[in-house]
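Have a look at the structure below before the remarks.
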């Protein structure tokens, strides 16, 4: 895992978001360097998902700035927003594959319709990405014919085909049966081994501790504590972080 | 009895020509309704507030005023006031199409709203503009879901087309009425006319059912 560049690929500054009078994000800042993997943990409803969606403006933040490779994103400019989103891969908790397209077409459509790649090269690239996630033989299957784990791997292939500079993963295995989690984790591990820059929300604490360069504990729209896995999981400074980590570690030991 | 049978046999070629006119009105109206109904539905679901209001007014108007009133309003009123000289056939087809657009917009709107929100999010996350997302992700799915509702709309427009008789369109109803008033064989002739409508409903609905099966997404049950 090469850690060469010290400038952050992704920088988020003072992001705030309210829905009605409920403040979900209370001025959050973080940054991810090239090749770095940061994992966000914390209770549900704490704003993890909203934060990730604010980063690529699927949810428009009320305040705050997002920088990609030193460039501030002006999301009001459509062209700039669309160009930015192409460079940020997004993985959703419930996959969100396009239901009317085969696995291959799901991976291909961004290349053809967004990147304007010709059909033949797009087809080749999509097939290669499906091979990479181990689904070459399922290329012709529709989402409804795939298992949850396979769907999530297709969605990872779909994101990878766009050559993202950073990937945002929103609890990628939370909707999966326990026995399907492993295949998705293997794919994510492989990406990390190949130097992909990532920001991932998850409840899989064991998985996070192996992968993450840094763990961010988030609650009530704030970052409570952040640091290397050993510090957060074994030697947390805040009692809230300790409590949460103890519970979640206990849970994963049970299962 | 035989007189009635003879009257129907004699009138059949004339009435069958009328069914071609009926088919013309229905295809024209359904086509116009489709090409207007889809953008209306997109505007209703994804458009800005002012556009939604305008479309809402359109739908309210065309669903709220009786067909016969609209036919007379447009043919004798609006079109001649605007100085446009449409034939009864064109005017009838256009008015039925405008009405069908209002109903079809609701079919497509319902289908779009039934799609999971994540479909649009995933499309946007890939860097698609909203127009591309609607064109390549939302509509292909929504239109598939709309076929059953569209089949219902077809049978309604087919029956409504008989009302264009009031403008003097030479469709099935107009021709049947013409023959009946000359031969006084009302019962057998209107039975024949009714059967022609039933047959056309059957064929159309059957055809759309086949279309529905052919465009069904594999592994998907709805």
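The values are calculated or read from the model by the stated rules, or taken from the named source; none is laboratory data. Please read all numbers here as calculations on a predicted model, not as lab measurements. Positions of Cβ are backbone-derived with ideal geometry, glycine not excepted, and every protein chain shown enters the neighbour counts.
In a residue-by-residue description of segment A:91-106, the property of being within 14 Å of chain B (Cβ to nearest Cβ), in contact with a helix residue (DSSP H, G or I) (Cβ under 8 Å, 6 or more places away or on another chain), crowded, with 22+ Cβ neighbours inside 10 Å and part of a strand (DSSP E or B) applies to at least one position.
Does segment A:111-125 hold any residues that are buried (at least 24 other Cβ atoms within 10 Å of the Cβ) and at the interface with chain B (Cβ under 9 Å from one of its Cβ atoms), and which are they? Walk me through it before giving the result.
Restricting attention to segment A:111-125, the residues satisfying the condition of being buried (at least 24 other Cβ atoms within 10 Å of the Cβ) are A:111.
Across segment A:111-125, there are no qualifying residues.
Give me a count of the residues in segment B:103-126 that are outside any helix (DSSP H, G or I) and buried (at least 23 other Cβ atoms within 10 Å of the Cβ). Residues that pass the stated criteria total 1. I'd like to check something: does segment A:74-84 contain any residue that is within 26 Å of residue B:111 (Cα to Cα), part of a loop (DSSP other than H, G, I, E, B) and in contact with a helix residue (DSSP H, G or I) (Cβ under 6 Å, 6 or more places away or on another chain)? Scanning segment A:74-84, I find no residue that is within 26 Å of residue B:111 (Cα to Cα), part of a loop (DSSP other than H, G, I, E, B) and in contact with a helix residue (DSSP H, G or I) (Cβ under 6 Å, 6 or more places away or on another chain), so the answer is no. Going by what's in this entry, would residue A:187 be described as surrounded by fewer than 19 Cβ atoms within 10 Å (Cβ to Cβ), out of contact with any strand residue (DSSP E or B) (no Cβ under 6 Å at 6 or more places or on another chain) and either free of Cβ contacts under 8 Å to residues at least 12 places away in the same chain or under 21 Å from residue A:208 (Cα atoms) (or both)? So residue A:187 does not fit the description; no. Within the option set A:87, A:53, being touching a strand residue (DSSP E or B) at 6+ places or on another chain (Cβ under 7 Å), modelled with pLDDT of 95 or more and under 28 Å from residue B:131 (Cα atoms) holds for one residue only, A:87.
Name the residue, out of B:40, B:68, B:12, that is part of a helix (DSSP H, G or I), crowded, with 16+ Cβ neighbours inside 10 Å and in contact (Cβ under 8 Å) with a residue 40 or more places away in the chain.
Numbers: B:68 fails: crowded, with 16+ Cβ neighbours inside 10 Å; B:12 fails: crowded, with 16+ Cβ neighbours inside 10 Å.
Exactly one residue qualifies, and that residue is B:40.
Does segment A:107-137 hold any residues that are under 19 Å from residue A:191 (Cβ atoms) and in a helix (DSSP H, G or I), and which are they?
Here is the first cut: in segment A:107-137, the residues under 19 Å from residue A:191 (Cβ atoms) are A:107, A:110-111, A:125-136.
The answer is A:107, A:110, A:111, A:125, A:126, A:127, A:128, A:129, A:130, A:131, A:132, A:136.
Has segment B:134-143 got at least one residue that is within 17 Å of the chain's Cα centre (by Cα), within 14 Å of chain A (Cβ to nearest Cβ), assigned to a helix (DSSP H, G or I) and closer than 30 Å to residue A:78 by Cα? Yes, the conditions are met somewhere in segment B:134-143. If only residues of segment A:126-154 that are over 20 Å from the mean Cα position of the chain (by Cα) and away from chain B (no Cβ under 14 Å) are counted, the one that is surrounded by the most Cβ atoms within 10 Å (Cβ to Cβ) is A:135.
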